[in-house]
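**Student:** Here you go, one structure.
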Amino acid sequence: MKALKLLSAVVLSAAVYAPSYAAGYPEKPVTVIVPFPAGGASDTTARVTTQKMQESLGQPIVVENKPGANGSLGAGQVAQAKPDGYTLMVASIGVYAINPALYKSLPYDPTKNFDLLTVAVRTPNVLVANPSFPANNVQELVAYLKKNPEKVTFASSGAGSSDHLTAALFWQKTGTTGVHVPYKGGAPAITDLIGGHADVSFQNLGAVSNHIKAGKLKLLAITSDKRNQSFPDAPTLKEAGVEGVEVYSWQAIAAPKGLPADVKGKLEQSLTAALNSPDVKTKFNDIGFEVVANTSGQFSEFLNQEISRWKTVVETGKITADQ
Amino acid sequence: METVANLWLGLETALSFWNLAYCMIGVLLGTAIGVLPGLGPVATIAMLLPVTFGLPPVSALIMLAGIYYGAQYGGSTTAILVNLPGESSSVVTALDGYQMARQGKAGKALATAAIGSFFAGTVATILLAIFAPPLADLALKFGPAEYFSLMVLGLVASIVLAHGSLLHAFGMIILGLILGLIGTDVNSGMTRFTFDLPQMADGIGFVIVAMGVFGLGEIIGNLENESTRTVMLKSVTGLMPTRQDLKRIAAPVLRGTALGSMLGILPGGGAMLASFAAYTLEKKVSRHPEQFGKGAIEGVAGPESANNAGAQTSFIPMLTLGIPSNPVMALMIGAMIMQGIQPGPSVMTEQPVLFWGLIVSMWIGNLFLLVLNLPLIGLWVRMISVPYHFLYPAILVFCAIGVFSLNNATFDVYLMAIFGFLGYVFRKLDCEPAPMLLGFILGPMMEEHLRRAMLISKGDATVFLSRPISATMLVIALILLVTVLAPAVRRKREEAFQEEG
Amino acid sequence: MRSQLLQKKDLWAGVLYIAFGTAAFWIGRDYPMGTSGRMGAGYFPTVLSVVLVLIGCLSVARSFLRDGDAVGAIAWKPLGLIVGATALFGLLLQTAGLIVALLGLVLLSAVASQHFRLDLKASIGLVLLVGFCVLVFVRGLGVPLPLFGSWFGE
């Protein structure tokens with residue numbers, strides 16, 4: 001047992017070197033929690049943004065993926081973390097605005113548990129169809145849906161996903177119905193759409209832009225307020241006569257509630273600078289994202305709008321995800 | 001002749017000093033993490049993603065791809081040596097590979113895996129180079145109905161995996177199917193069997209179940225008989241396969257390569273089935289099926305070739321369509337995006353250097369793996385001759401850290417402990433875990449595709465028979481089921497007659 | 001060799017299937033069944049749990065009718081120690097940190113072997129293993145494992 005004693009002595013003495021606190025934030029690596037698996041939109045946003053932020057903060061930023069339960073597992077962890085500026089979160093519209101509308105109990109409250117920092121990027125959804133689908137524009141689609149109620153299949157990246165709710169909103173605003181076919185994520189939904197196994201879908205522009213260019217998918221409309229420069233021929237839904245389906249998927253950055261003012265200021269400054277730097281902007285534009293970089297006040301106002309909007313959609317459409 | 005010109009371009013790219021170096025680093029790293037139980041390519045690639053930002057896109061992808069197939073390869077090493085399958089594909093390798101290791105033929109098993117993998121990798125790379133676009137179109141033909149039928153076929157095939165009682169094989173498959181349903185139901189978004197634990201909302205990871213049932217179960221089982229039985233039965237004999245062995249594995253390697261290449265193309269979980277399918281096929285065509293599960297070299301050669309072929313061809317939907325066929329491919333797409341490359345059909349035409357460079361580098365990587373691993377076999381074999389009471393705590397440590405790294409969650413470590421307990425119970429009751437694991441993988445996919453197919457067809461169940469690919473697979477499944485059940489039924493009748501007489 | 005009924009593997013395997021099947025059926029009793037055209041979340045689980053219970057019954061019946069192997073002695077000590085050591089690792093990881101958790105895991109699990117002696121060779125092996133894990137997993141791969149947990153200040 002002598003060896004064991006010696007060993008524990010070594011271990012304990014090493015443990016005494018705990019870091020001491022000082023004023024200059026940050027003085028150790030910052031962790032960014034992404035409540036989704038690596039490789040997804042939130043992850044990409046986090047990595048592109050933090051790579052730039054490291055330069056101004058002078059400390060490494062570590063992206064930690066904490067997937068589970070539609071992002072609420074990781075978000076719940078962030079909600080309980082120490083508000084010292086060493087734990088941040090990059091998450092999607094789903095975590096901030098849709099989960100609260102959809103689930104009765106969540107391990108976090110997006111309006112109460114977080115210091116909202118900024119909406120980093122957003123991307124419009126696009127209404128796409130398999131090229132062989134009979135309707136060639138929104139008007140034809142609406143007419144077709146009315147003639148064939150509960151027939152046309154709408155693929156989505158999951159029950160309660162942003163594209164599912166966009167489809168529900170579209171049905172509500174046009175007075176039509178369709179069959180919602182959920183998939184495990186966007187990729188298999190797009191695959192089945194290209195293969196002609198499903199008919200139409202609302203997808204993030206970035207995820208399908210190449211398929212549209214290659215003629216594998218037919219672009220019917222875009223859900224943004226203005227036309228997109230990459231696809232100038234595609235009308236917005238509003239132009240096509242469907243009001244109130246202006247939808248973006250967005251990624252935003254937050255920290256646990258109660259950040260010290262100086263830390264918050266430093267973070268906001270570094271975030272804005274990183275998001276507005278030309279190379280980061282180009283990188284996001286290349287994948288169909290648009291940099292928003294708004295202030296924390298604008299973010300919190302926007303968040304309240306989004307939550308109440310999706311609550312209405314969920315209640316009107318009687319959409320449930322946890323029974 | 002365009003292919004030749006393209007391959008030449010790829011060769012030029014892949015053979016540049018730095019790309020060779022990154023390829024080498026990738027396969028080395030991949031092998032290392034593959035050998036460490038629990039730590040998979042997904043976690044590693046995710047962690048190394050930031051490192052690749054600084055590299056040119058081609059080098060980054062070459063390295064990441066190297067990690068992926070290197071890890072596939074390394075995973076089989078652990079499966080063979082200590083019965084620890086860290087990837088779904090190496091579950092079947094463990095069945096006969098581990099038995100060979102216990103008989104002192106670990107070297108032979110490892111060499112067979114290396115040679116089979118290299119051959120399969122070569123063939124699959126050629127397929128990739130010549131037929132990528134048409135093969136990708138085949139992948140699109142697979143809709144929910146086809147996938148469901150494929151899963152049925154896989155399930156029937158999994159009965160063949162068992163070598164003991166047929167009843168228990170059925171029982172364990174169903175148990176696996178039920179365990180697989182834990183988590184969020186894709187079709188309704190509802191959580192099932194999660195005991196309201198958010199950590200279980202996404203289901204239980206395959207690695208957790210495999211590490212628990214195989215890894216921990218094996219350790220407890222070995223300790224149980226510590227005094228009466230040494231873990232490795234015989235001293236190590238013959239590191240390399242003999243000429244006779246090579247003759248025995250030639251056909252299985254060919255069949256495995258063909259099966260793996262085909263299944264790997266399917267983005268909806270085809271590659272996962274490759275090694276299982278190859279094992280089933282080998283056991284069915286073998287003239288001595290009773291040797292399977294007891295150290296049949298064909299049971300290593302076929303699945304390992306299929307596994308590696310599938311790993312290569314699973315790049316086809318990713319490179320030609322921008323569709324990820326598994327989490328690793330999703331990460332590769334993430335890496336491409338971060339390099340400013342939009343994955344999709346245009347990659348081949350707009351980024352020929354990347355496309356062909358990557359393909360050629362995969363072949364070179366496979367060559368590296370062979371050259372690297374054949375000499376290492378001696379070292380590995382020596383490693384398992386370390387006294388077991390030193391080896392197993394280390395195995396446990398790697399399992400625990402590996403399982404933690406999947407989701408960075410301690411909860412998963414507890415789950416592994418529970419499955420370790422179950423694994424021991426299964427051992428005591430002669431319930432084989434391999435069919436359970438296949439049921440576990442197939443269960444959720446099967447339900448998902450069945451319900452989706454019915455949803456799309458508006459409740460018309462004839463879609464499974466009216467679509468030719470789906471119907472063909474169901475017929476094969478039926479034939480397979482009959483050939484599995486018939487001998488058992490016949491035996492029963494013979495027993496009955498004997499009792500009467 | 002004829003073994004006692006209560007010792008038979010088939011009996012206990014059957015009991016295991018029935019237990020799992022019944023539990024799955026019970027937990028899933030409120031999941032909506034839907035129709036075969038539009039299956040609900042409860043359709044698959046219910047069908048599967050009923051099949052599993054049936055298989056369990058068959059296995060139990062077989063144990064009455066046929067000779068079978070006995071389960072044999074249960075190795076409680078390795079079972080408890082290995083499972084316990086793994087759970088302990090999870091417990092200690094966040095509170096005491098990786099290094100203490102590793103020591104706990106290795107030492108507790110090692111006791112399960114009758115060949116275990118904490119001599120010089122084993123201690124050196126232990127230090128090397130811990131060092132390897134810290135270097136490779138935490139430093140090299142960046143797995144977010146706290147080296148020292150909440151017990152040590154932080």
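Bear in mind that the values in this text are calculations on the coordinates, not laboratory data. Model, not experiment: these values are computed from the prediction. As a convention, Cβ positions derive from the backbone with ideal geometry for all residues, glycine included, and neighbour counts pool all protein chains shown.
**Student:** Non-local amide H neighbours of A:S156 (under 5 Å, H modeled in plane, Pro and chain starts lacking H): which ones?
**Tutor:** The list, which skips near neighbours in sequence, is A:V181, A:Y183.
**Student:** Summing -39500 (n - 2.57) over the DSSP H runs of n ≥ 4 in chain C and dividing by its residue number, what mean residue ellipticity at 222 nm do you reach, to the nearest 500 deg cm²/dmol?
**Tutor:** Values: 5 runs with 89 residues, N = 154.
Taking each H run of at least 4 residues, the total per residue is -19500 deg cm²/dmol.
**Student:** Determine the distance separating the Cα centre of the range B:251-315 from the Cα centre of the range A:89-162; give it in Å without decimals.
**Tutor:** Cα centroid of the range B:251-315 versus Cα centroid of the range A:89-162: 40 Å apart.
**Student:** Scanning chain B for trypsin sites (Lys or Arg not before Pro) in DSSP loops with at most 12 other Cβ atoms within 10 Å, what's the longest stretch left with none?
**Tutor:** Details: sites that count: B:R229, B:K234, B:R287.
Answer from the scan: B:1-228.
**Student:** Any chance you could get the radius of gyration and Dmax over the Cα atoms of chain A, in Å?
**Tutor:** Taking only Cα atoms of chain A, I get Rg and Dmax of 22.2, 84 Å.
**Student:** Across chain A, where is the longest run that never hits chymotrypsin sites (Phe, Trp or Tyr not before Pro) in a DSSP loop with at most 14 other C-beta atoms within 10 Å? It would help to have the intermediate numbers written out before the result.
**Tutor:** Details: sites that count: A:Y17, A:Y21.
In short, A:22-323.
**Student:** Could you point to the residue in B:I418, B:Y69, B:Q99 farthest towards the positive end of chain B's charge dipole, with +1 and -1 charges on the Cβ of Lys/Arg and Asp/Glu respectively?
**Tutor:** It is B:Q99, whose Cα lies furthest towards the positive end.
**Student:** Turning to a different aspect of this structure: Straight-line reach from B:K284: which aspartates and glutamates fall under 16 Å, measuring Cα to Cα and dropping same-chain residues less than 8 apart?
**Tutor:** Counting by Cα, and skipping residues close in sequence, B:K284 has these aspartates and glutamates nearby: B:D96, B:E298.
**Student:** Enumerate the calculated ³J(HN,Hα) couplings along the range B:149-158 in order (Karplus 6.51 cos²θ - 1.76 cosθ + 1.60, θ = phi - 60°), each rounded to whole Hz, writing x wherever the residue is Gly or Pro.
**Tutor:** 3J(HN,Hα) across the range B:149-158, in whole Hz: 5, 4, 5, 4, 4, x, 5, 4, 4, 5.
**Student:** Here is a further query. Once you treat every alpha carbon in the protein assembly as shown as an equal point and sum by Debye, what is log10 I(q)/I(0) at q = 0.06, 0.09 Å⁻¹?
**Tutor:** Each listed q corresponds, in turn, to -0.42, -1.00.
**Student:** Given the options A:P100, A:P149, A:P67, which has the most mean-square fluctuation in a GNM of chain A, springs set between C-alpha atoms less than 10 angstrom apart?
**Tutor:** Comparing A:P100, A:P149, A:P67 in a Gaussian network model of chain A, the most mobile one is A:P149.
**Student:** On to the next question. Under a Cβ-Cβ cut-off of 14 Å, what is the net charge of the residues other than A:E306 that fall near it, where Lys and Arg count +1 and Asp and Glu count -1? It would help to have the intermediate numbers written out before the result.
**Tutor:** Details: positive: A:R122, A:R309, A:K311; negative: A:E246, A:E301.
Here the charged neighbours net out to +1.
**Student:** Collect residues whose amide H, placed 1.01 Å from N in the peptide plane, falls under 5 Å from the amide H of A:V63; neighbours closer than 5 in sequence don't count.
**Tutor:** It is A:V32, by chain and number.
**Student:** For the cross-link pairs B:K247/B:K283; A:K173/A:K318; A:K112/A:K173; A:K218/B:K141; A:K147/A:K216; A:K146/B:K141, which exceed 24 Å when the distance is taken from alpha carbon to alpha carbon? Before the final figure, lay out the partial values.
**Tutor:** Working: B:K247/B:K283 17 Å; A:K173/A:K318 15 Å; A:K112/A:K173 31 Å; A:K218/B:K141 18 Å; A:K147/A:K216 26 Å; A:K146/B:K141 29 Å.
Violating the 24 Å Cα-Cα cut-off are A:K112/A:K173; A:K147/A:K216; A:K146/B:K141.
**Student:** In the range A:40-139, which trypsin sites (Lys or Arg not before Pro) are in a loop and have at most 11 other Cβ atoms within 10 Å, using DSSP for the loop call?
**Tutor:** Filter output for the range A:40-139: A:K104, A:K112.
**Student:** Can you tell me the alpha carbon radius of gyration of the range C:5-65 divided by the globular rule-of-thumb value 2.2 N^0.38 Å? Before the final figure, lay out the partial values.
**Tutor:** On the way: Rg = 13.9 Å, N = 61, 2.2 N^0.38 = 10.5 Å.
In units of the 2.2 N^0.38 Å rule of thumb, it is 1.33.
**Student:** Next question. What net charge is computed for the residues neighbouring B:L455, neighbours being all others with C-beta under 14 Å from the C-beta of B:L455, Lys and Arg scored +1, Asp and Glu -1?
**Tutor:** Working: positive: A:K151, B:R451, B:R452, B:K458, C:R38; negative: A:E150, A:D192, A:D199, B:D185, B:E447, B:E448, B:D460.
Taking every other residue near B:L455 into account, the sum is -2.
**Student:** How many percent of all Cα-Cα pairs in chain B sit more than 43 Å apart?
**Tutor:** 12 percent
**Student:** Roughly how far apart, in whole Å, are the Cα centres of the range C:1-72 and the range B:1-55?
**Tutor:** 47 Å
**Student:** For A:K28, give me every one of the lysines with a C-alpha distance below 24 angstrom, ignoring sequence neighbours fewer than eight places off in its own chain.
**Tutor:** In chain and number order, the partners are A:K52, A:K66, A:K82, A:K257, A:K264, A:K266.
**Student:** Counting only the backbone N, which residues of the range A:183-197 are under 20 Å from the spot 7 Å out from the Cα of C:R38 toward its beta-carbon?
**Tutor:** A:183-184
**Student:** For A:K184, go through the aspartates and glutamates and keep the ones whose alpha-carbon is under 19 Å away, minus same-chain ones fewer than eight residues off.
**Tutor:** Output for A:K184: A:D43, A:D163, A:D192, A:D199, A:D322, B:E146, B:D185, B:D202, B:E447, B:E448.
**Student:** Suppose the Debye formula is applied to equal point scatterers at every Cα of the range A:179-323; what is log10 I(q)/I(0) at q = 0.09, 0.19, 0.20 Å⁻¹?
**Tutor:** Result of the Debye calculation: -0.39, -1.37, -1.41.
**Student:** Let me ask something additional. May I ask you to derive the relative contact order of the range C:76-152, considering only C-alpha pairs under 8 Å and at least 6 residues apart, and to give it as an integer percent? All intermediate terms of the calculation are to be shown ahead of the outcome.
**Tutor:** Working: 70 pairs, mean separation 32.8, N = 77.
The normalised contact order for the range C:76-152 reaches 43 percent.
**Student:** With an 8 Å cut-off on Cα pairs and a minimum separation of 6 or more residues, tell me the relative contact order of the range C:5-65 in percent. The partial results should precede the final answer.
**Tutor:** Values: 81 pairs, mean separation 30.8, N = 61.
Answer for the range C:5-65 is 51 percent.
**Student:** How large is the dipole of the range B:122-246 about the Cα centre if only Lys and Arg carry +1 and Asp and Glu carry -1, each at its Cβ, rounded to the nearest 20 debye?
**Tutor:** Values: 5 positive and 9 negative charges, 73 e Å.
It comes to approximately 340 debye.
**Student:** Turning to a different aspect of this structure: What fraction, in whole percent, of alpha-carbon pairs in the range B:287-345 exceed 19 Å separation?
**Tutor:** On the way: 815 of 1711 pairs.
Value for the range B:287-345 (Cα pairs over 19 Å): 48 percent.
**Student:** Determine Rg/Rh for the range A:124-222; Rg is computed over alpha-carbon atoms and Rh is the Kirkwood hydrodynamic estimate from the same atoms. Could the numbers behind the result be given before it?
**Tutor:** Working: Rg = 11.9 Å, Rh = 12.9 Å.
Ratio of gyration radius to Kirkwood radius for the range A:124-222: 0.92.
**Student:** Please give the charge dipole size of the protein assembly as shown, origin at the Cα centre, charges +1 on K and R Cβ atoms and -1 on D and E Cβ atoms. Round to the nearest 20 debye.
**Tutor:** Numbers: 66 positive and 60 negative charges, 320 e Å.
Rounded to the nearest 20 debye, it is 1540 debye.
**Student:** Among A:A129, A:T177, A:A81, which residue has its Cα furthest toward the positive end of the charge dipole of chain A, with +1 on Lys/Arg Cβ and -1 on Asp/Glu Cβ?
**Tutor:** Positive-end residue among those listed: A:A81.
**Student:** Can you give the Rg/Rh ratio of the range B:257-403, where Rg is from the C-alpha atoms and Rh is the Kirkwood radius?
**Tutor:** Values: Rg = 19.0 Å, Rh = 18.0 Å.
My calculation of the ratio gives 1.06.
**Student:** May I ask you to work out the translational diffusion coefficient for the range C:76-152 at 25 °C, viscosity 0.890 mPa s, via Stokes-Einstein with Rh from the Kirkwood sum over Cα pairs, reported in whole µm²/s?
**Tutor:** Details: Rh = 13.0 Å.
Taking Rh from Cα pairs, D becomes 188 µm²/s.
**Student:** Here is a follow-up. Pull up all non-local amide H partners of B:T194: gap of 5 or more, or a different chain, and H-to-H distance under 5 Å with H placed in the peptide plane.
**Tutor:** Distant-sequence amide H within range of B:T194: B:G183.
**Student:** Give me the angle, in degrees from 0 to 90, between the Cα long axis of helix C:76-95 and the longest principal axis of the Cα atoms of chain C, rounded to the nearest 10.
**Tutor:** 60 degrees
**Student:** Could you give the longest part of chain B that holds none of the chymotrypsin sites (Phe, Trp or Tyr not before Pro) found in DSSP loops with at most 13 neighbouring Cβ atoms within 10 Å? Walk me through the numbers on the way to the answer.
**Tutor:** Values: sites that count: B:F53, B:F195.
Result for the longest clean stretch: B:196-501.
**Student:** Now a separate question. Output needed for the range A:38-77: three equivalent-ellipsoid semi-axes, defined as square roots of 5 times the C-alpha gyration tensor eigenvalues, in descending order, whole Å. Don't jump to the answer; show the numbers that get you there.
**Tutor:** Values: eigenvalues 99, 26, 9 Å².
Here the semi-axes work out to 22, 11, 7 Å.
**Student:** Tell me the relative contact order for chain A as a rounded percent, counting alpha carbon contacts under 8 Å between residues six or more apart.
**Tutor:** Working: 598 pairs, mean separation 81.3, N = 323.
It rounds to 25 percent for chain A.
**Student:** Same structure again: Mind pulling the angle between the C-alpha long axis of helix A:41-57 and the longest principal axis of chain A? Nearest 10 degrees, somewhere in 0 to 90.
**Tutor:** Once rounded, one gets 40 degrees.
**Student:** With unit charges on the beta carbons (Lys and Arg positive, Asp and Glu negative) and the dipole taken about the Cα centre of chain C, which residue among C:I99, C:V143, C:A85 sits farthest to the positive side?
**Tutor:** The Cα lying farthest towards the positive end belongs to C:A85.
**Student:** Another question, if that's okay. Rounded to the nearest 20 debye, what is the charge dipole size of the range B:2-500 about its Cα centre when +1 sits on each Lys and Arg Cβ and -1 on each Asp and Glu Cβ? Walk me through the intermediate numbers first.
**Tutor:** Details: 26 positive and 28 negative charges, 192 e Å.
Value, rounded to 20: 920 debye.
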